[in-house]
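Taking it in order: structure first as structure tokens, then the write-up.
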Amino acid sequence: MSEQLLPGYIIRRGSALERALLLKFMQRTYQDIFPNEDFSHLEQTVKQYFSSDTPLWWVEEEGEQGEIPLNAPFPMTNAHSPVACLWVGNAIDQVHGNRHAHIFILYVVPEHRRRGIGTALMRYVENWAIQRGDRQIGLQVFQSNKPALNLYNQLGYQTQSIWMVKFLSAEKETQG
């Protein structure tokens, strides 16, 4: 079942059969930001977290719905290609203990950006989260992803914490 997201675009709930397509969208998302990296490990993320408890939505151009071939090359160019993806999981607010929605991925293919799809998807997921009783939505965004940061800031998202990493050397220094 699908519904209109905004003029010219429909949104439909994804299914467990679309695991391979989700993986392609995830890889594309990260390759846009880190073009020289290998993201084959994302298959494990999808395998571990994609379930009926982590909803997936696809955006397609209106009038182009249909079955999506799982072995289609990416970027896909057939008439049934999704132009955007939204995958949501669950998290626990460590301050208050409440379950809330956590956005794993929001991706719009470059040819369809700056048309309001990202904003419409964020409003869609906010309404979905409110209906299920969530009080907040969390997400992670890379500091280098300025368009995403601008979108989230415009929609009222605020930095709550900073995720820090320290890369460790594979070889430990030995002291003699």
**OP:** Filter the stretch 26-47 down to the residues that are among the hydrophobic types (A, V, I, L, M, F, W, C) and in a helix (DSSP H, G or I), then identify the one that is most open to solvent (accessible area, probe 1.4 Å).
**Re:** 33
Original post:
What single numbered condition from (1) at pLDDT 95 or above; (2) open to solvent by 50 Å² or more (accessible area, probe 1.4 Å) fails to hold for residue 12?
Top reply: (2)
Original post:
residue 107 versus (1) farther than 21 Å from residue 24 by Cβ; (2) crowded, with 17+ Cβ neighbours inside 10 Å; (3) touching a residue at least 60 places away in the same chain (Cβ under 8 Å): which is the lone unmet condition?
Top reply: (1)
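Go through 156, 138 for me and flag whichever is part of a loop (DSSP other than H, G, I, E, B) and either without any contact (Cβ under 8 Å) to a residue 40 or more places away in the chain or over 21 Å from residue 4 (Cα atoms) (or both). Please lay out each step first, then the result.
Details: 138 fails: part of a loop (DSSP other than H, G, I, E, B).
Just one listed residue meets the conditions, 156.
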**OP:** May I ask you to list the residues in the stretch 124-171 that are out of contact with any strand residue (DSSP E or B) (no Cβ under 9 Å at 6 or more places or on another chain) and among the charged types (D, E, K, R)?
**Re:** 146, 166, 171
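Let's see how each residue does on (1) under 15 Å from residue 103 (Cα atoms); (2) in a loop (DSSP other than H, G, I, E, B); (3) of a type in the set (A, V, I, L, M, F, W, C); (4) open to solvent by 100 Å² or more (accessible area, probe 1.4 Å):
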site	(1), (2), (3), (4)
119	yes, no, no, no
125	yes, no, yes, no
148	yes, no, yes, no
164	no, yes, yes, yes
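Residue-by-condition table, conditions (1) under 18 Å from residue 33 (Cβ atoms); (2) hydrophobic (A, V, I, L, M, F, W, C):
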residue	(1), (2)
109	yes, yes
120	no, yes
128	no, yes
133	no, no
143	yes, no
147	yes, no
152	yes, no
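The values are calculated or read from the model by the stated rules, or taken from the named source; none is laboratory data. Every value quoted in this text rests on a predicted model; they were computed, and no experiment measured them. Don't worry about glycine lacking a Cβ; one is built from the backbone with ideal geometry, like all the others, and counts go over all protein chains shown. Accessible surface is based on the protein model in full, side chains and every heavy atom, while ligands, DNA and RNA are left aside. Shrake-Rupley method; radii C 1.70, N 1.55, O 1.52, S 1.80 Å.
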